[in-house]
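Inspection log for the structure reproduced underneath, given as structure tokens.
The values are calculated or read from the model by the stated rules, or taken from the named source; none is laboratory data. Computed from a predicted model, the values in this text were never measured in an experiment. For neighbour counting, all protein chains shown are included, and Cβ atoms are generated from backbone atoms with ideal geometry for every residue, glycine included.
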């Protein structure tokens, strides 16, 4: 089953299933001698873990990691860094009644079609539980990338949008359980998610991301453009259905004279006076903040009866059980940040290996 690794110079491979014994990640390419702040890594994982508020699944997982290799006397050794997360609250019994049925909009049918076999325990490898490994890897990548700063937040839930032009800190984002930095919008979003949950339904929305303090020169044209790799990273996340870089689709409404980003000399070097490009031009970072959005669909598991078929194609009804988020957006924020960190770390190490481009202190 290929497709479990991401990156080139900073290569991440995740393993494990939602209701198996454990999940984990192997990080290859981490330079030796990097002092890892383990508490900071755990803090990142705590932002993603289930059961953190009334808006998320109530599965109780501490998401405490064990380091199996690649770390000695507080520093990375340069060999593969392996992190393990043991599942503490797995309950596959909730899926016994539906193991012969295809849950609408899940990966049940497609996994069967591809492999002729699937792990029906909560979706197995297709479960969002797998993302604990990505967040761990992203937490390591963040420490490699300092002083770059990656911040994401919930911009929209269903029809409710926060004002445009927000530029918050992570501390402000985390003040709300919905992770929207605009208090009035956050309160309305939280109420909507709770209403949807009470109806057994789910709802989607949009996460906005910004990467600050990015030096110019990151990116590998033509097929590994920085925004192309960001798009692949974000669309690999569970429930992600859309990606926009910079002005995105809104830029199609402008003429070139309004959309172009003029250059000017600044104390930081050559920079743009506007940022419709979203910090990337020609697939290479230009020193401006990198901006993007990621669209997430409504969670596929609904606690209402739906039509489906069984593995033989016979019509059936399904009412799933289990513990699920009514909206992925609040917990998607650390996922988006983690995938952005993996992309930036990979491109930074690629540039350094070539002897060109930016060199961080």
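What the table shows:
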item: Tally, over the stretch 77-105, of residues that are touching a helix residue (DSSP H, G or I) at 6+ places or on another chain (Cβ under 7 Å) and either closer than 24 Å to residue 302 by Cβ or surrounded by fewer than 19 Cβ atoms within 10 Å (Cβ to Cβ) (or both); result: 1
item: Residue in the stretch 277-288 that is more than 19 Å from residue 213 (Cα to Cα) and crowded, with 18+ Cβ neighbours inside 10 Å present; result: no
item: Selection count where residues are modelled with pLDDT under 95 and either touching a strand residue (DSSP E or B) at 6+ places or on another chain (Cβ under 8 Å) or crowded, with 18+ Cβ neighbours inside 10 Å (or both), scope the stretch 194-214; result: 1
item: Condition check for residue 62: in contact (Cβ under 8 Å) with a residue 12 or more places away in the chain, over 16 Å from residue 130 (Cβ atoms), assigned to a loop (DSSP other than H, G, I, E, B) and touching a strand residue (DSSP E or B) at 6+ places or on another chain (Cβ under 6 Å); result: no
item: Exclusive hit being within 16 Å of the chain's Cα centre (by Cα) and surrounded by fewer than 22 Cβ atoms within 10 Å (Cβ to Cβ), set 133, 126; result: 126
item: Residue count, the stretch 61-76 (criterion: within 21 Å of residue 178 (Cβ to Cβ) and either modelled with pLDDT of 95 or more or loosely packed, with under 13 Cβ neighbours inside 10 Å (or both)); result: 0
item: Hits in the stretch 1-19 - residues which are part of a loop (DSSP other than H, G, I, E, B) and surrounded by fewer than 19 Cβ atoms within 10 Å (Cβ to Cβ); result: 1, 2, 3, 4, 8, 9
item: Criterion (touching a helix residue (DSSP H, G or I) at 6+ places or on another chain (Cβ under 7 Å) and at positive phi) met by exactly one of 219, 209, 200; result: 219
